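Notes to accompany the following structure.
Computed from the coordinates by the stated procedures, all read-outs in this text should not be read as laboratory data. Nothing here was measured: the structure is a model prediction, and the numbers come from that model. Positions of Cβ are backbone-derived with ideal geometry, glycine not excepted, and every protein chain shown enters the neighbour counts.
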Amino acid sequence: MIVWIVIGAVGVGTYVLRVCMFLVVGRRSLPTWTVVPMGFVAPAAVAALVGSMLLTQHGSIDVAAMPELAAVTMGFATVRRTGNVMHAIATGLPTFWLLSAMAAF
Amino acid sequence: MTVTLDRAPAAAVVAPWRLVREGARDITPMVIGVIPFGLAIGATVATSSLSTAQGLASAPLIMAGAAQLSTVQMVDAGVAPVMIVVAALMINARILLYSASLAPWFSGESIGRRLLLAVPVIDQMHFTCVPRFERGDLDAGQRRAYYAGAAGWLVSAWFASQALAITIGATVPESVGLHVAAPLALAGLLAKSTTSNNTATAAAVAMLVVTVGAGLPFHSAVLVATLAGITGGTLLARSRS
């Protein structure tokens, strides 16, 4: 029973985080001072997520293995060149397979 | 910089179903990144002390992978319930930022619709929808259609991948590289979103802080790092204008 309460509480709390700005903003548009910071939400959040996945593990600094790092770097570089987000997976995964196979020998 | 919310060029008359498809198409790279994550969480749930019903229900109830994973693992480890909830909400606090950036695009909608539109607010929805809306050629109904297309595809892929892994308890060998798909999809996004000095600085600050601050309490490293990145970028932009 307590597990259900915990899951429910996390769910309700998360929905409150999701909905509160939808209710606060109402029919008005964004105040202008928020425009500049809003432009940095995506780069900052994505970098933080990628960093937490590749450079940390269970709350301490723990850098991922070489094939993973190389694959992500490859994906990043490809998208820089082509501008198509799909290409990150298209070049990154083969890079990972190749380097993992080489490391296995 | 100007924000245009409700003005759309009269020429841009596009059928809603085409925008549903466009939204689904645009979020596909993110969906490919999310499926392995869903499988991994499903596999964790399958081997945890949670019942199958609790595991299956936790996906739609929480609808945020990292917080769900943390909740499952902490329940399993017997952590105090209050601590589990606090940790999960700290992980999800960034959703507040996405809520703030998405909400203005739907400010003309009825209260009922806004309550519904808030349900799928998550990283991938923000990264996909906000750049599309900022092009300024969609009216309110078209934005809704685009948003629904993206959300429908993302959410169904998310539930399906988790349900699959929970029911068959699947574990995929690490050599397939499914665990690399999520950071790869995000790396592509990072490449697209860091095209100026200011955005690159925001990203660099966030990545540094998330690494150095890995041990911050309540799993708050990602949130603190995101806020630090936003602050860094904003200060740099201010000092240059």
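Using the 10 angstrom Cβ neighbour count as an exposure proxy, how do B:E174, B:E22, A:E68 rank, fewest first? Could you put the intermediate results ahead of the total?
Working: B:E174 10, B:E22 18, A:E68 22.
Ordered from fewest to most neighbouring Cβ atoms within 10 Å, B:E174, B:E22, A:E68 come out as B:E174, B:E22, A:E68.
In the protein assembly as shown, a dipole from Cβ-located charges (positive for Lys and Arg, negative for Asp and Glu) runs towards its positive end, and of B:P81, A:C20, B:T211 it is A:C20 whose Cα lies farthest in that direction. Each 5 Å bin from 0 upward holds the following percent of the Cα-Cα pairs of chain A: 2, 10, 10, 13, 14, 12, 12, 13, 8, 3, 1, 0, 0. Spin-label pair A:H58-A:V36: with each label point 7 Å from Cα along the Cα-Cβ axis, the two points sit 4.3 nm from one another. Its Cα gyration tensor gives region B:195-241 an equivalent ellipsoid; the semi-axes, largest first and in whole Å, are 22, 9, 6.
Since only B:G177, A:V6, B:A93 are under comparison, the one whose Cα sits farthest along the positive direction of the charge dipole of the protein assembly as shown, derived from C-beta charges on Lys, Arg, Asp and Glu, is B:A93. For helix B:197-212, report the angle its Cα long axis makes with the longest principal axis of the Cα atoms of chain B; keep it between 0 and 90° and round to the nearest 10°. Value to nearest ten degrees: 10.
FRET efficiency for the pair B:S48 and A:F105, taken as 1/(1 + (r/R0)^6) with r the Cβ-Cβ distance and R0 = 41 Å, rounds to 0.70. Panel values: region B:9-101, Kirkwood radius from alpha carbon pairs, Stokes-Einstein at 10 °C and 1.306 mPa s, translational diffusion coefficient 102 µm²/s. Per-residue Karplus couplings for region B:132-146, computed as 6.51 cos²θ - 1.76 cosθ + 1.60 with θ equal to phi - 60°, are listed in order as 5, 5, 5, 5, x, 9, 10, 8, 4, x, 5, 4, 4, 5, 4 Hz, Gly and Pro entered as x. In this label model, A:W97 and B:Q73 are separated by 2.9 nm, measuring between points 7 Å along each Cα→Cβ vector. Distances between placed amide hydrogens fall under 5 Å for A:Q57 paired with A:D62, all partners being 5 or more residues away or on another chain. Based on the Kirkwood approach, the hydrodynamic radius assigned to the protein assembly as shown is 20.6 Å, with every pair of different Cα atoms included. In order along region B:120-130, the phi-based Karplus estimate (6.51 cos²θ - 1.76 cosθ + 1.60, θ = phi - 60°) of 3J(HN,Hα) comes to x, 5, 6, 2, 4, 5, 5, 5, 8, 7, 4 Hz; Gly and Pro are listed as x. Could you tell me which of rounded, prolate or oblate describes chain B, using a ≥ b ≥ c as the square roots of the eigenvalues of the alpha-carbon gyration tensor, with rounded for a/c under 1.5 and, failing that, prolate when a/b is larger than b/c and oblate otherwise? Oblate, since a/c reaches 1.5 and b/c is not below a/b.
How do B:C129, A:C20 line up, fewest other C-beta atoms within 10 Å first?
Details: B:C129 24, A:C20 16.
In increasing order of surrounding Cβ atoms, one gets A:C20, B:C129.
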